[in-house]
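Report on the following structure.
The values are calculated or read from the model by the stated rules, or taken from the named source; none is laboratory data. What you are looking at is a predicted structure, and each value in this text was computed from that prediction instead of being measured. Backbone-built Cβ (ideal geometry, glycine too); neighbour counts: all protein chains shown.
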Amino acid sequence: MLSRTAANLFWMGRHLERADTAARLLDVGQRITLLPNTASGYQNEWNSLLQASGTATLFAKKYGEVSQENIEEFIFFDRQNPSSVLSCIEKAREAGRIVRTALTSQVWDALNVTYQDLRKLEKTPRGKLDTASLTDFTTSHTSTVRGAINATQLRNDGWHFMNLGYGLERADATARLLDVKYYVLLPRIEFVGSGLDTYQWQVILRALSAHRAYHWAYGGDITAGRVADFLILNGESPRSLITSLYEAVWNLEGIAKRYGETVPTTARDKAREVLGRLQAHDIDMIFDEGLHEFLTWFIGEIGTISTLVHEDYLLGGS
Amino acid sequence: MSYYNEMYEGSRVREPYARLSQWVETMPADFRQMKQAEAEALFRRIGITFAVYGEGGDPDRLIPFDMMPRVFEQAEWRRLERGIKQRARALNAFLRDVYGRAEIVRAGRIPARLVYQNEAYEKAVVGVVPPRGVYSHIIGIDLVRTAKDQFYVLEDNCRTPSGVSYMLENREIMMRMFPGLFRGNRIEPVDQYPDLLRRTLESVAPAKCQDRPTCVILTPGHFNSAYYEHSFLANLMGVELVEGADLFVDGEFVFMRTTQGPKRVDVIYRRIDDPFLDPLCFRPDSMLGVPGLMDVYRSGGVSICSAPGAGVADDKAIYTFVPEMVRFYLGEEPLLQNVQTWTLWKDDDYRYVMENLPDLVVKEVHGSGGYGMLVGPKSTREEIEAFRAKIEANPGNYIAQPTLALSTCPTFVAEGLAPRHVDLRPYCLCGDRIELVPGGLTRVALREGSLVVNSSQGGGVKDTWVLSE
C-alpha cells in the first residue's frame, strides 16, 4: 500500500475520533456550567476545557470574551480552530476523498453525508441550534461512519491503519479529558470527595457515554478512584486508556504480521511496552504517583507511538 | 444544410436501431423522467463529476447523460476499426521517425519547421527509443460522420486522451437501468478495457524489468478535474494511483513509497503533461513531477506512457499531414479521411479563409476543449470581425476547416426525442498489439443546432453500441 494512502486512512480515523472528542468536550463544558458553583463563575471551566484541547490561546485571541455562543461557534464550527468539529470532519472527508478507492461505497457515503449535513447545519441560524443537538449530531454521524467501516471494509492493512488512528486518538482524548477534570477543574485538594467533585466525575462519565456502563461495572457510588479505574485500567470500558491502547497494539501487530520481518516494527514494540506498563499498574499506584503526572507520561507515550508509526510506515522508507 | 440522421432514413428506421425504436416509442413520459433522475442519482453517487475550468459555480457538476444510445452495426464498426488502427500505426511511426533520422522531413513531405519548432517537440528525448518503439499508447481519435459511409477525423489525441471512464460508466448505468435492452440486442461489451490497458502497459515495460512489471497511474492530484477518471481506472486495473511526491528516483530506477518500504515502478501511465514530469529536465517550478525521472527514462529504467514528446504528433498543424504519414510509413492509402484544412500561414489559404470566414470553422493550432474557436455559420457579424482581428495579428496560430454537416442522433430533450449533433471518440491501445474495444465515447451537443460537443460547452454523453453479427 502507498504510504500516502496509509497516512490518509490513519488520519481519517484520527480526525473522526477527534471530531467526536470536540463534541464531547462541548457537552462536558455545557453541563459543568449548569452547576451553581464556584467562586469565579463558569469562565474558568471553559478556559480549562479549551486548555485540554490545546486551543485556549487561539480562542482568547479571536473571541476574547467567553460566552456560550462564542464557545459553541469555536468548538463546533470555527475553521480556524484545527480541532473544531467542522475542521476535523472536513479533514477526514478530504482524506477519504483522496483515497476513495480504498474505501467501500458505504463508508464513503456515510462520510460524505456527514460532511454535507454539517455544511447545512453551518448555515442554520445559531439561535435555532442547541448544544445537545450539536453533540448528538456529531456522535451519531461519526458512529455511522464507524459502523460502515466495521461492517464493510476489507480486513487488510488499510483497515488496520484506520483503526490504529482511531485507537491512538481515543487514548489521547480520554487521557486529556481525565486530566482536565483532575488537574484543572479541581485544583484544590479540599474539594476531593466533595459534592462538587462527584458531580464533575459524573459529567465526565456522561460525556464519554459511560455513565450507565460505569454503574453496570461498579454499582454504587461514584468515587474518584473508581471512575479513574474505569477510564484508565478497565479493559471492558470502551474508551479506557487500556482498551484504546490495546486496540492500537492489536492493529500494529496485524500490520507487522502482514508485512513480515523486512519492515521495521518500532511502533509496535513501543506500544507493547507502554501497554505492559499500564497493565502493571493498579489505581492506587496511579494516585500515589499522582494522576496528573501519570497522564502526562501517558500522553507523551502516545505521541511517541504516533511518531514511530510515521517512521515505520508512512514515509515510504526513504 | 441537411444532416445525416443516425437513426432515421426519412421516416424509415435504420436497421441497427430497429429494436431501440420500439423501446422508445413504448416508453411512457413519466417513466423516462424517472429513469433520467435515476441515472443522475447513480452518476452522483459513483462520483463522476467534472470541474469546468474558470467558470465557478458547482465544482461537482455532472456531465449530462443521454439515455438514447448511439448504435453501429458490425460492418460499419469493422471499417472504422481498420482505419483507426492504421492511423495509430502511422502516428507512432511518425514519432519514431522524428525523434530519430526524420526521414519524412528529409524527403520533404513535412516542413521541418512544423516539427522542430513545435512546442510539443522534446529535444530531451531525441534518440531515445521507448520499448517496442511505441510513443503513444492510448490514442483517442475524434471522428465525425457526414454520411452513411463518410467519416472524418477531426483530431488525434496522442498524449493523454480523457473520457474513457464515461464510456465505461455509461455502459454500466445503461445495463443497470435497462437490462432488457441488452438481452434483446446483442451488444459487444466494452468492460474489458481496463484489463486491455493494463496488458498494454505491461507489454511496454523496460528491458531491465525482469519480473511482472509494476504499473502505476500518475495523477496531478485530487484537485484535477479528471481525478475521478484517474482513480476509477487505477481501481479497475488494480494498480496504484500515485502523485509525484509518492515517487522518487534512486540510482537507475524509480520507486514508490509504500508502507513496506520502497517498491520499484516499471511503467508509469502519466496523466500529467510533459512540462510537469521532471523539474530537473523541464519546468523547474513544477511540484507535480519526480526529480530525476527523465534520466531514468532515458537510460531505460522506466517506461512513461505516453512517452515524453508524443504531443508533436497530435498538433492541429501536423494533423494535416497524417494521411501523408500513412502513405509514407505504411505504403497504404488512408482509410479514414481528414477534414479539408486550410493552414493560415500559407498565403493562398490565408486569402481564401479571410474571404470565407462566415462559412468556416477556425481553430487555434494549440487550442483544445472547444475554446478559442470560431464557428462561422453560428456566429454574429461582430464575433466574426473580432475573430478576424485575432487571426490578422497571428495567422500562423490558426487553421480553418469547412463547417461539417455533423450527423445527428435522436436525443432526449424536454419535448421528447429530437436530433442533436454527435461525434465519436474511440480509444486505441498500442503496445505489443494494437487493440480497440468495440465502442467509444459519443459526445452530443445538447443545444439545438449546436455543433460543439465539448463537455465544457454544454455537451453531453451517450452510450455507444456496436452490435455483434
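What to note about this one:
- The condition of being basic (Lys, Arg), at positive phi and in contact with a helix residue (DSSP H, G or I) (Cβ under 9 Å, 6 or more places away or on another chain) holds for only one of B:ARG176, B:ARG159, B:ARG132, that being B:ARG132.
- Within segment B:203-249, being within 11 Å of another protein chain (Cβ to nearest Cβ) and part of a loop (DSSP other than H, G, I, E, B) holds for B:THR219, B:GLY221, B:HIS222, B:PHE223, B:GLY238, B:VAL239, B:GLU243.
- Considering residues of segment A:263-292 that are within 25 Å of A:LEU154 (Cβ to Cβ) and among the β-branched types (Val, Ile, Thr) only, the residue surrounded by the fewest Cβ atoms within 10 Å (Cβ to Cβ): A:VAL263
- Residue within segment B:128-142 that is charged (D, E, K, R), in contact (Cβ under 8 Å) with a residue 40 or more places away in the chain, in contact with an Asp or Glu (Cβ under 9 Å, 6 or more places away or on another chain) and buried (at least 19 other Cβ atoms within 10 Å of the Cβ) present: yes
- Residues that are assigned to a helix (DSSP H, G or I) and surrounded by fewer than 23 Cβ atoms within 10 Å (Cβ to Cβ) do not occur anywhere in segment B:442-454.
Each row is one residue, and each column tells you yes or no for (1) touching a Lys or Arg at 6+ places or on another chain (Cβ under 7 Å); (2) of a type in the set (S, T, N, Q); (3) over 30 Å from B:THR258 (Cα atoms); (4) not in a loop (DSSP other than H, G, I, E, B).
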residue	(1), (2), (3), (4)
A:THR243	no, yes, no, yes
A:LEU252	yes, no, no, yes
A:VAL263	no, no, no, no
A:ARG277	no, no, yes, yes
A:HIS281	no, no, yes, no
A:VAL309	no, no, no, yes
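- A:THR131 being touching a residue at least 40 places away in the same chain (Cβ under 8 Å) and either surrounded by fewer than 16 Cβ atoms within 10 Å (Cβ to Cβ) or β-branched (Val, Ile, Thr) (or both): yes
- Selection over segment B:314-360 of residues that are of a type in the set (A, V, I, L, M, F, W, C) and touching a residue at least 60 places away in the same chain (Cβ under 8 Å) gives a count of 11.
- Those residues of segment B:322-374 which are part of a loop (DSSP other than H, G, I, E, B) and β-branched (Val, Ile, Thr), in sequence order: B:VAL339, B:THR341, B:VAL365
- Listing of helices (runs of 4 or more DSSP H) fully contained in segment A:68-182 that carry 3 or more residues being within 14 Å of chain B (Cβ to nearest Cβ) and within 23 Å of A:TYR313 (Cα to Cα): A:85-98, A:157-179
Here's the yes/no breakdown for (1) more than 23 Å from A:TYR246 (Cβ to Cβ); (2) buried (at least 17 other Cβ atoms within 10 Å of the Cβ); (3) modelled with pLDDT of 95 or more:
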position	(1), (2), (3)
A:LYS62	yes, no, no
A:VAL99	yes, yes, no
A:LEU103	yes, yes, no
A:THR142	no, yes, yes
A:GLY165	no, yes, yes
A:ALA173	no, yes, no
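- Unique match (being under 23 Å from A:ASP197 (Cβ atoms) and polar (S, T, N, Q)) among A:SER53, A:SER83, A:SER105: A:SER53
- The number of residues in segment B:413-428 that are part of a strand (DSSP E or B) and surrounded by fewer than 21 Cβ atoms within 10 Å (Cβ to Cβ) comes to 5.
- Note on segment B:112-129: residues that are under 24 Å from the mean Cα position of the chain (by Cα) and of a type in the set (D, E, K, R) total 2.
- The set of residues in segment A:269-304 that are among the small types (Gly, Ala, Ser) and under 14 Å from A:ALA175 (Cα atoms) comprises A:GLY290, A:GLY300, A:GLY303.
- For A:GLY260: the one exception among (1) at negative phi; (2) within 14 Å of another protein chain (Cβ to nearest Cβ); (3) surrounded by fewer than 19 Cβ atoms within 10 Å (Cβ to Cβ): (1)
- Hits in segment B:250-272 - residues which are in a strand (DSSP E or B), away from chain A (no Cβ under 12 Å), over 14 Å from B:GLY301 (Cβ atoms) and touching a helix residue (DSSP H, G or I) at 6+ places or on another chain (Cβ under 8 Å): B:TYR269
- Here A:TYR246 clears all of (1) surrounded by fewer than 16 Cβ atoms within 10 Å (Cβ to Cβ); (2) within 18 Å of the chain's Cα centre (by Cα); (3) under 24 Å from A:GLY158 (Cβ atoms) except the condition numbered (1).
- Residues of segment A:1-26 that turn out to be more than 20 Å from A:ARG100 (Cα to Cα) and within 14 Å of another protein chain (Cβ to nearest Cβ), as a count: 0
This table checks each residue for (1) more than 14 Å from chain B (Cβ to nearest Cβ); (2) in contact with a strand residue (DSSP E or B) (Cβ under 9 Å, 6 or more places away or on another chain); (3) at pLDDT 95 or above; (4) within 21 Å of A:VAL180 (Cα to Cα).
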{"residue": "A:LEU241", "(1), (2), (3), (4)": "yes, no, yes, yes"}
{"residue": "A:LEU252", "(1), (2), (3), (4)": "no, no, yes, no"}
{"residue": "A:ASP269", "(1), (2), (3), (4)": "yes, no, yes, no"}
{"residue": "A:ASP284", "(1), (2), (3), (4)": "yes, no, no, yes"}
{"residue": "A:PHE287", "(1), (2), (3), (4)": "yes, no, no, yes"}
{"residue": "A:GLU293", "(1), (2), (3), (4)": "yes, no, no, yes"}
{"residue": "A:SER306", "(1), (2), (3), (4)": "yes, no, yes, no"}
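- Within segment B:285-303, one or more residues are over 22 Å from B:GLU81 (Cα atoms), assigned to a strand (DSSP E or B) and touching a residue at least 24 places away in the same chain (Cβ under 8 Å).
- Test: residue in segment B:249-262 that is free of Cβ contacts under 8 Å to residues at least 24 places away in the same chain and either among the β-branched types (Val, Ile, Thr) or in the same structural domain as B:THR160 (by TED's automatic domain parsing) (or both): yes
- The lone criterion from (1) at pLDDT below 95; (2) not in a loop (DSSP other than H, G, I, E, B) left unmet by B:ARG199 is number (1).
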